[in-house]
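All remarks here apply to the structure that follows.
The values are calculated or read from the model by the stated rules, or taken from the named source; none is laboratory data. What you are looking at is a predicted structure, and each value in this text was computed from that prediction instead of being measured. Counting neighbours? That spans all protein chains shown, and the Cβs are built from the backbone with ideal geometry, glycine included. What goes into the accessible areas is simple: the full protein's heavy atoms, side chains included, and nothing from ligands, DNA or RNA. Shrake-Rupley method; radii C 1.70, N 1.55, O 1.52, S 1.80 Å.
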Amino acid sequence: MGKDKVENEDLIKYGTTADIWFHVDKLSSAHVYLKLPPGVESWENIPQTLLVDCAQLVKANSIEGNKKSNITVIYTPWDNLKKTGDMAVGQVAFHNDKRVKRVHVPQRENFIVNRLNKTKVEREVDHEQEKIERQKVESAVRRAAAAEQKKAEQELARQRAAEKEARSYDRLFEGVDEEDLPQKSVQEMEDDFM
């Protein structure tokens with residue numbers, strides 16, 4: 001979560017495709033980011049309880065939104081955020097409005113906010129370095145997957161070559177001496193044929 005609009009800028013700049021951005025719709029609020037938890041394949045499949053937690057956190061960190069009832073919290077993948085040079089600090093737009101979802105928050109749920117505040121951990125983060133480290137890990141995973149795929153393709157090619165060799169007639173008489181074959185004249189072969 002961004003502490004202020006300057007930190008929100010860093011979060012916008014150094015986000016990843018696994019980040020989901022939350023904000024109070026049409027009001028000033030903190031930018032809250034959710035990294036997709038393991039087992040959640042898509043931002044569209046975020047469990048409802050987690051959505052409610054994020055929405056309550058955003059509402060609690062909005063000066064205006066915290067005082068109001070019946071607010072809407074919007075969320076979208078980080079890569080849908082659009083930032084241009086003429087925008088104010090902390091301001092964003094969207095590449096595709098259809099990829100923005102909404103969560104209705106009827107009121108502040110103090111027990112949720114209190115639970116989240118009890119587990120809150122604040123730390124100084126070098127967003128740029130964190131992104132570099134994350135890219136290194138992702139690159140290593142991609143390289144390992146590519147090497148595994150190449151190995152599997154080589155094994156498949158080897159199996160296909162072995163199957164082709166087994167079906168080939170090229171080596172049918174290999175290892176058989178011509179002297180071992182019965183020697184018949186053309187007339188004898190014709191007689192055998194008839």
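Between residue 45 and residue 10, the simple spin-label model (points 7 angstrom out along Cα→Cβ) gives 3.3 nm. Each Lys and Arg Cβ is given +1 and each Asp and Glu Cβ -1; about its Cα centre, the chain then shows a dipole of about 2660 debye.
Derived from the Cα gyration tensor, the three semi-axes of the equivalent ellipsoid of the range 1-59 are 20, 15, 8 Å, largest first. Solvent-accessible surface of the chain, averaged per residue with a 1.4 angstrom probe and all protein chains in place: 74 square angstrom. Set Lys and Arg Cβ to +1 and Asp and Glu Cβ to -1, take the dipole of the chain about its Cα centre, and tell me which of 187, 33, 129 lies farthest positive. Positive-end residue among those listed: 33.
Here the convex hull built on the C-alpha positions of the range 35-98 has a volume of 124 cubic angstrom per residue. If we count every other residue with Cβ under 14 angstrom of residue 105's Cβ, Lys/Arg +1 and Asp/Glu -1, where does the sum land? Net of charged neighbours comes to +3. Computed with a 1.4 Å probe over protein heavy atoms only, the accessible area of residue 191 comes to about 90 Å². Our summary of shape: the Cα atoms of the range 48-194 have principal axis extents of 111, 38, 37 Å, ordered from largest down, in whole angstrom.
Over the chain, DSSP H runs of length four or greater, each weighted -39,500 (n - 2.57), average out per residue to a 222 nm ellipticity of -14000 deg cm²/dmol. Label-to-label distance for residue 68 and residue 96 is 2.8 nm, based on points extended 7 Å past Cα in the beta-carbon direction. Taking every protein chain into account, the 1.4 Å probe leaves residue 40 with about 30 Å² of accessible area, to the nearest ten. The spread of Cα positions in the range 1-130, taken along each principal axis and listed from longest to shortest, comes to 37, 32, 32 Å. Taking all Cα-Cα distances within the range 129-169, those exceeding 17 Å account for 53%.
What are the chymotrypsin sites (Phe, Trp or Tyr not before Pro) within the range 98-178 that DSSP puts in a loop, where the Cβ has at most 10 other Cβ atoms within 10 Å?
Sites meeting the loop and neighbour criteria: 169, 173.
Assuming R0 = 45 Å, can you tell me the calculated FRET efficiency for the pair residue 188 and residue 159, based on Cβ-Cβ distance, to the nearest 0.05?
Taking R0 as 45 Å, the efficiency between residue 188 and residue 159 is 0.50.
Here the chain exposes an accessible surface that is 51 percent carbon and sulfur, computed with a 1.4 Å probe and the other protein chains kept in place.
Note on residue 170 and residue 145: the model spin-label points, each 7 Å out from Cα along the C-beta direction, lie 3.7 nm apart.
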